[in-house]
Amino acid sequence: MRGSRISGMGHYLPERVVTNDDLAKFIDTSNEWIVQRTGIEERRWVEGNVGASDLAFEATKEALEEAGIKASDLDMIIFATLSPDINFPGSSCILQKMLNAPGVATLDIRNQCTGFVYGLSIADQFIKTGMMNNILVVGAEVHSSGLDMSTRGRDVTVLFGDGAGAAVVSASETDSRILDSKLHADGTQYDILMVELPASRLKERITADMLDDARHYPVMDGRNVFRQAVTAMPAVVNEVLEAHGYTPQDIDLLVPHQANLRINQMVARSLKLTQDQVFNNIMRYGNTTAASIPIALHEAIQAGRVKDGDLVVLAAFGAGLTWGANLIRW
Ligand code: ACO
């Protein structure tokens, strides 16, 4: 049976650590407020002109090395990000140039926090059909250059960090380690978490007046997103498990998207999972959106939390709204 497996992983975080106290120097906030509401203690921010593809490049080098292949062996680069280097072309093309792999197919996906989950399922399908053998799925974000660094944006700015995580998905001729994915979206709620500008649906995509109105910064109905995340994530985890006759008790490790530690604690409680069954690292990195799951999965592997044969579930919820889960037999 032809199947797919993750053959190598890598991740990269910028060196600059920004603590909650650092934020409190220019935003009216406090370490206590941020830790109590989100669990976040610090995050990483880039310095100078650094794009999502620069972070992705570092994570990709590590993933390719672990997979034992060269960039030119890839059939496709799938790049998940909400913070592309430039408006177009996509960051997958920029990363392909950095990797010196001309001819390799490129695909950018814009599914925010669920980007890696969607990307993994796309790679899985291209491999299972026999069309491709090695696909890079990378999630990378530079949030720090797009956040409102004033008290006006404090509800969002304190949440986000920069980083990248990458996985090489390869064909297996004997079995499939990626068992399944369940993907969902509700576009009727696209505007409860979004960045509006630059907007092609406006006659002028961006003007000085629009900038004065802060329409180029993220806006979020945080309570609404929180409420829906704690329901949708357990539901999609159950959905992907049930399709294969498993229950939450069969999970060896759940790697949830890292948006808020309180969300992940409520998801774990709802699924009746023990602490040992869930991996969180949001305390150190904040929400790195499309990068959060591959960074957390790779850290979990490096910490010895994932062993051969383990049942691993990846689950995400975020802007779009989008949500989904992957089921993997490691
Ligand atoms: N520091 C101090 N006070 C703050 C801050 C801050 N950083 N931000 C907001 N406040 C204040 C508000 O002004 C408000 O004050 P008021 O009562 O005087 O009006 C008070 O704190 C409470 O604000 P809420 O927004 O109601 O706080 P809440 O408890 O809902 O927590 C949070 C906010 C942490 C953002 C939470 O709603 C959350 O985590 N939501 C989900 C986020 C998420 O999952 N996003 C999806 C992923 S991101 C993606 O897909 C791109």
Original post:
of a type in the set (Lys, Arg), part of a loop (DSSP other than H, G, I, E, B) and not assigned by TED's automatic domain parsing to the domain that holds residue 317, is that true of residue 97?
Top reply: no
**OP:** For region 111-134, state whether one or more residues are aliphatic (A, V, I, L, M) and part of a strand (DSSP E or B).
**Re:** no
Original post:
Could you list, in sequence order, the residues of region 192-230 that are outside any helix (DSSP H, G or I) and polar (S, T, N, Q)?
Top reply: 200, 207
**OP:** Please name all residue pairs, on different chains or six or more residues apart, with Cβ atoms under 7 Å, provided the first residue is in region 148-174 and is closer than 21 Å to residue 62 by Cα and of a type in the set (Asp, Glu) and the second residue is within 16 Å of the ligand (Cβ to nearest atom) and in a strand (DSSP E or B).
**Re:** 162/141
Original post:
Just a yes or no: is a residue in region 203-215 within 14 Å of the ligand (Cβ to nearest atom), free of Cβ contacts under 8 Å to residues at least 40 places away in the same chain and over 30 Å from residue 328 (Cα atoms)?
Top reply: no
**OP:** Could you list, in sequence order, all residues of region 80-97 that are more than 16 Å from the ligand (Cβ to nearest atom), within 20 Å of the chain's Cα centre (by Cα) and not polar (S, T, N, Q)?
**Re:** 85, 86, 90, 93, 94, 95
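Does residue 160 satisfy being farther than 23 Å from residue 149 by Cβ, of a type in the set (A, V, I, L, M, F, W, C) and within 16 Å of the ligand (Cβ to nearest atom)? Can you show your working first?
Working: farther than 23 Å from residue 149 by Cβ: no; of a type in the set (A, V, I, L, M, F, W, C): yes; within 16 Å of the ligand (Cβ to nearest atom): yes.
It is false that residue 160 is farther than 23 Å from residue 149 by Cβ, of a type in the set (A, V, I, L, M, F, W, C) and within 16 Å of the ligand (Cβ to nearest atom).
The values are calculated or read from the model by the stated rules, or taken from the named source; none is laboratory data. This is a predicted model, so every value here is computed, not measured. Here the Cβ is made from the backbone with ideal geometry for all residues, glycine too, and neighbour counts use every protein chain on show.
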